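The values are calculated or read from the model by the stated rules, or taken from the named source; none is laboratory data. Predicted model only: the values in this text are computed from it and were never measured. Note that we place each Cβ from the backbone using ideal geometry, even for glycine, and neighbour counts take in every protein chain shown.
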Amino acid sequence: MTNVKTRQLSVNGVKRTVDAPANETLLETLRRIGAVEVKCGCEKGDCGACAVLLDGEAVDSCLTLTGTVGERAITTVKGLGGAENPHPLQTAFADLGAAQCGYCTPGMIIATQSLLTNDTDTPDEADIRLALSGNLCRCTGYTKIYDAVLDGARAMREAEAAK
Amino acid sequence: MYANFDLLVPDELDQALTMIGGAKTAEDCAPLGGGTNLVVDMRASGKAPAALVSVARLPGLRGITIAEGTVTLGAATTVSDLLRDPRMLEVGAAMVDGSRVFAGQMVRNTATVAGNICCGSPAADLVPPLLALGASVTLRSAGGERTVPLDEYFTGYKTSVRRPDELLTSISWPVPAENSASRFYKLGRRKGDAITMVGVSVLVGMKDGVCSEVRIALGAVGPCVFRAKTAETVLKGKAPSPELVEQAARKAMEEAAPIDDVRATGAYRKQQVQVLVRRLLNQTIESLS
Ligand SMILES: Cc1cc2nc3c(=O)[nH]c(=O)nc-3n(C[C@H](O)[C@H](O)[C@H](O)COP(=O)(O)OP(=O)(O)OC[C@H]3O[C@@H](n4cnc5c(N)ncnc54)[C@H](O)[C@@H]3O)c2cc1C
Ligand code: FES
Ligand code: FES
């Protein structure tokens, strides 16, 4: 490894110091430091399993060079919530059977969160199809995923309204 | 990632221009936009330029301005930025069409307009709309700046007039005249996240009952995206009729020089050029009358 540089990353709100070579992708860095909830599918931008939020916008971490991330906040699916404190989208995916093997789920949830916060909090099916066309699922046939997105979006709006 | 390189992340445009200033070829030093082409290519080929200069987050390089009758996109404006700006429908509807069928969300959030032009792909989806809108690009080096009509930018398959020491810094086009309309249609193997088999964009402007402005651009049917200028002249200055539209569509088909590849045969592509040019001309003309 050459061109290694020490970089500061903000991962799910925690500052991490990593030594990363210039040609390392964010996917490689994150998995190396233990953020294995970020999945590796194709490493060419096709499948979306590696999606993370950068300052709230979903990107494929396999296409992002770690050295270009800078001070932007990295959020993985774990940063949204976990078994103890699930995010409404995680609850909806679990309740509606939108995860079977689960490999695509972290990317699906990240892409959905990005849709709901950056584009529209009241998506219709066309919005959902457009937002998730870069996420492949080999198990569910997508129907249950779209249902979970609609349900999770509704739960998020209700939570927002109750504030 | 296999090949190695230097990764330079400048804070200011001037620094970036100095960094690429010494580049004699794209192998010495290349700009890195969103990386959605370059990172994929580097991984597939195992080769990389000696140095990459990251330009996607340079201050002032991202954003859409509409002023004095001109629409200007900063080079690092992303495809999602285009979709999120409601003004784009007014000033460049074909760009919205192109952005909606572009890749998946994560790539759209990252892919820059400059990267789409500079990758030089004949299947780049924003290039036909930009040609139909009559766009120009600004190329800047440490030594100065020049503006080139996009129509004169490409010189062949993945080749262009851009020198390796130049950055594409902005893209602009005139706000379309009143009573004009633009469209883009992408023919792919499926709806989501597909590579274009044929891309067609048209712009038609009507004045006093005649087509005062006609531009027709074809993607994925030649070594680079290009304008079907013989087809344009069929309609330009004339009152539109079904016969003239048909004639223009046939001319566009004759101008197309597609290859056979894994996505479609050349013969199919040629036929689809005729179908799509006819359809888009009819749609735009109807929307104006
Ligand atoms: C899964 C997937 C799906 C895709 N789908 C589509 C699609 O539907 N339609 C489509 O058109 N494309 C598609 N692409 C290709 C790609 O996303 C686009 O071409 C994108 O616009 C490239 O932009 P970028 O900023 O990522 O470019 P980069 O990869 O960063 O750069 C591409 C080229 O442009 C050069 N460059 C970048 N910025 C500048 C600049 N400012 N000045 C000079 N040179 C520059 C680089 O040196 C490089 O040669 C897809 C890619 C992937 C991975
Ligand atoms: S691993 Fe990144 S998109 Fe498939
Ligand atoms: S649940 Fe298995 S890939 Fe989607």
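Things worth noting here:
- Answer from B:GLY115, B:GLY192, B:GLY120 - the residue that is out of contact with any Pro (no Cβ under 6 Å at 6 or more places or on another chain), within 16 Å of ligand 2 (Cβ to nearest atom) and under 30 Å from A:GLY45 (Cα atoms): B:GLY192
- Of B:THR159, B:THR169, B:THR110, all but one fail to be within 14 Å of another protein chain (Cβ to nearest Cβ), under 25 Å from B:MET19 (Cβ atoms) and of a type outside the set (A, V, I, L, M, F, W, C); the exception is B:THR110.
- Taking the criterion of being under 14 Å from B:LEU218 (Cα atoms) and of a type outside the set (S, T, N, Q), the residues of the stretch B:258-276 that qualify are B:PRO258, B:ILE259, B:GLY266, B:ARG269, B:LYS270, B:VAL273, B:VAL275, B:LEU276.
- A:THR122 outside the structural domain of A:ASN12 (by TED's automatic domain parsing), in contact with a helix residue (DSSP H, G or I) (Cβ under 9 Å, 6 or more places away or on another chain), away from ligand 2 (no atom under 16 Å from the Cβ) and not hydrophobic (A, V, I, L, M, F, W, C): yes
Here is a yes/no grid of residues against (1) within 16 Å of ligand 2 (Cβ to nearest atom); (2) without any contact (Cβ under 8 Å) to a residue 60 or more places away in the chain; (3) small (Gly, Ala, Ser); (4) not in a strand (DSSP E or B):
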| residue | (1), (2), (3), (4) |
| --- | --- |
| B:SER201 | no, no, yes, no |
| B:VAL214 | no, yes, no, no |
| B:VAL221 | no, no, no, yes |
| B:CYS224 | no, no, no, yes |
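- Residue count for the stretch A:110-132 satisfying the condition of being outside any helix (DSSP H, G or I) and closer than 17 Å to B:ASP85 by Cβ: 1.
- Residue in the stretch A:91-109 that is farthest from ligand 1 (Cβ to nearest atom), counting only those that are part of a helix (DSSP H, G or I), out of contact with any Gly (no Cβ under 9 Å at 6 or more places or on another chain) and under 15 Å from A:LYS39 (Cα atoms): A:THR105
- The stretch A:66-90, residues that are out of contact with any helix residue (DSSP H, G or I) (no Cβ under 7 Å at 6 or more places or on another chain), part of a helix (DSSP H, G or I) and more than 16 Å from ligand 1 (Cβ to nearest atom): A:LYS78, A:GLY79
- If the condition is being at the interface with chain B (Cβ under 7 Å from one of its Cβ atoms) and either within 15 Å of A:CYS104 (Cβ to Cβ) or assigned to a loop (DSSP other than H, G, I, E, B) (or both), then the stretch A:21-45 contributes A:ALA22, A:ASN23, A:GLU24, A:GLU43, A:LYS44, A:GLY45.
- Flag for B:ALA26 being at pLDDT below 95 and within 10 Å of ligand 1 (Cβ to nearest atom): yes
- The stretch B:82-125 - residue that is more than 26 Å from B:VAL161 (Cβ to Cβ) and charged (D, E, K, R) and, of those, surrounded by the most Cβ atoms within 10 Å (Cβ to Cβ): B:ARG108
- For first residues located in the stretch A:64-92 and over 19 Å from A:ALA111 (Cβ atoms), partners that are exposed (fewer than 15 other Cβ atoms within 10 Å of the Cβ) and lie 6+ apart or on another chain with Cβ distances below 8 Å form the pairs A:GLY67/A:LYS5; A:GLU71/A:GLN8.
- Against the list (1) touching a Lys or Arg at 6+ places or on another chain (Cβ under 7 Å); (2) surrounded by 20 or more Cβ atoms within 10 Å (Cβ to Cβ); (3) small (Gly, Ala, Ser), the condition A:GLY97 fails is (2).
- Scan of the stretch A:125-139 for residues that are more than 15 Å from ligand 2 (Cβ to nearest atom) and closer than 19 Å to A:GLU37 by Cβ, ordered by number: A:CYS139
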